[in-house]
Amino acid sequence: MLYDLTLHMGYIYDVAAAGGRHILRIMPLSLPNRQRLVAGSVVIDPQPEERTSYTDFFEHPAITFAYRSPHEKLDIRMQARIHVEAPPMTADLSPLLQSLGDELAAYWSLEPNSPHHYLGKSPRLLDSSDIAAYAREHLHPSMTVHQIAKALCARLHKDFKYDAKATTVDTSPNEAFALKKGVCQDFSHIMIVALRSLGIPAGYVSGFLRTIPPPGKERLAGADAMHAWVRVWCGKAMGWIELDPTNNIPAGSDHVVVGYGRDYSDVAPVIGVLKGYGNHSTVQAVDLIPLPGT
């Protein structure tokens, strides 16, 4: 599937910011046998005094930029053309949970894609006895790692309610777990903590999800969204798979990957600091449009 993707992120400050420095991670990745970035560009307004592109540890293309002069707004626009393939259907080649530790011990690499980076605590994801107990409630010795991940994905989708007003970007997994509601970030964080509590490597995927309007309804411009889902290491033979607990589906051709990380902090689309005071308002719009004939 070939898509045209546009993202607009706008920030309007009540009082002009005297300066600022930011990092962007919004451009989709090129991934073998998964997706290919055909072309892409990022426009920042006002034009920053400094702008540099680099690749971080997890191999994300990132942009860092800075202002030293006052500015009343920040406008970020990204355009890309991306070719996405649905991951192939494969047999369950994952081991039983009790055998996964041996496969991890035999995995000696610490490359960015290594499962060892996705096993322990990370900046936003600490241990949780409540989430660990939840993960073990329906665990059976005969289940493979893949079966465990799919079962947990389905259970989260069933037990938790999607509610965009219930949480914020800073809500912890424990808080969202107690509420039993939240957004894709919360669903993903809770699932990652649950899987790690079982000794299964799991990470956070940041990207975009194409939305399909109900029958008879027109698609609304800007209605697509940034999204998050989970990647799970299912052993040496099967490798990484991706599951979307918000929708209880495997990631497919409607999921566009921007970055992989241990949690949201590794792949936040924009982070930074401002020199100023007062509040600000924000706007975000995404269009992920399939091209005819693809």
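The values are calculated or read from the model by the stated rules, or taken from the named source; none is laboratory data. Computed from a predicted structure; not experimentally measured. Quick reminder, even Gly has a Cβ in these numbers, built from the backbone with ideal geometry, and neighbours come from all protein chains shown. What goes into the accessible areas is simple: the full protein's heavy atoms, side chains included, and nothing from ligands, DNA or RNA. Shrake-Rupley method; radii C 1.70, N 1.55, O 1.52, S 1.80 Å.
If you filter the stretch 253-294 down to residues that are in contact with a Pro (Cβ under 7 Å, 6 or more places away or on another chain) and not β-branched (Val, Ile, Thr), you find that the one that is nearest to ILE200 (Cα to Cα) is ASP263.
Restricting attention to the stretch 31-54, the residues being open to solvent by 60 Å² or more (accessible area, probe 1.4 Å) and modelled with pLDDT of 95 or more number 11. The residues of the stretch 268-284 that are part of a strand (DSSP E or B), among the small types (Gly, Ala, Ser) and modelled with pLDDT of 90 or more amount to a single one, GLY272.
Scanning the stretch 53-62 for residues that are touching a residue at least 12 places away in the same chain (Cβ under 8 Å) and within 30 Å of GLY278 (Cα to Cα) turns up at least one hit.
Tell me, which helices (runs of 4 or more DSSP H) lie completely within the stretch 95-204 with 1 or more residues that are of a type outside the set (Ser, Thr, Tyr) and closer than 24 Å to GLU59 by Cα? In the stretch 95-204, the matching helices (runs of 4 or more DSSP H) lie at 97-105, 184-197.
Only a single criterion out of (1) touching a residue at least 40 places away in the same chain (Cβ under 8 Å); (2) closer than 30 Å to ALA176 by Cα; (3) open to solvent by 100 Å² or more (accessible area, probe 1.4 Å) is not satisfied by ALA135, namely (3). Summed over the stretch 154-168, the residues that are touching a residue at least 60 places away in the same chain (Cβ under 8 Å) and among the hydroxyl-bearing types (Ser, Thr, Tyr) give a count of 1.
On the given criteria, is ILE82 assigned to a loop (DSSP other than H, G, I, E, B) and within 19 Å of the chain's Cα centre (by Cα)? It is false that ILE82 is assigned to a loop (DSSP other than H, G, I, E, B) and within 19 Å of the chain's Cα centre (by Cα). Can you say whether VAL169 is open to solvent by 40 Å² or more (accessible area, probe 1.4 Å) and under 15 Å from the mean Cα position of the chain (by Cα), as far as the supplied structure shows? Considered against the rule, which asks whether it is open to solvent by 40 Å² or more (accessible area, probe 1.4 Å) and under 15 Å from the mean Cα position of the chain (by Cα), VAL169 comes out as yes. Restricting attention to the stretch 58-79, and to residues there that are of a type in the set (D, E, K, R) and not in a strand (DSSP E or B), which single residue is most open to solvent (accessible area, probe 1.4 Å)? Looking at residues that are of a type in the set (D, E, K, R) and not in a strand (DSSP E or B), I get ARG68. Within the group SER129, SER114, SER122, which residue is of a type in the set (S, T, N, Q) and buried (at least 19 other Cβ atoms within 10 Å of the Cβ)? When all the criteria are applied, what remains is SER122.
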